[in-house]
Amino acid sequence: MSGQPGTPRNDAEKSPAIETALAEMLREQEAVAQRRPAVRAAGVEALKRLLEIAQGDSGQCRYVAGFLVGLYNGHRFKFDLTDFRALDSAIFRDCLAVLEMDQSPEQEVHRYFEGGQAIWEQLARDWNIPDYTHAHFDEQAPA
């Protein structure tokens, strides 16, 4: 009996809504695949600019460094999204380009650079970005 739990449906019984949703999903996947080279190219260029900023000494450098180390290892280095508010529009757009590239990564962000792991670890040290895997939080008794 078709339609009962555990009974497979044949192709003739697929609902038009499911077929439409599947077709839309396949179109979207194809569009993403076609855009992927351009997204990667833009993301890599933005990543280079952001690393240069993070290694600088302007007021926005710490925020950019925090963003980059958060992408590098979000478990260790937490990034506060409100820090984006401290960035100029062009720098914020670069962050978005890197995020779009990193949504479906071909490789981790630090691997785009020779010695990238050491560079990213140094950014965390230079900007005193807390490593939450080593954090010790004082437990306070309720008042």
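All of the numbers you see were taken from the coordinates with simple rules; none came from a lab. Keep in mind that what you see is a predicted model, and the values were worked out from it rather than measured. All Cβ positions, glycine included, derive from the backbone under ideal geometry; neighbour counts span all protein chains shown.
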Subject >> GluC sites (Glu not before Pro) restricted to region 56-112 and DSSP loop, no more than 15 other C-beta within 10 Å >> reply: Glu106, Glu108
Subject >> Loop trypsin sites (Lys or Arg not before Pro), region 33-136, which have at most 15 other Cβ atoms in a 10 Å radius of their Cβ (DSSP) >> reply: Lys78
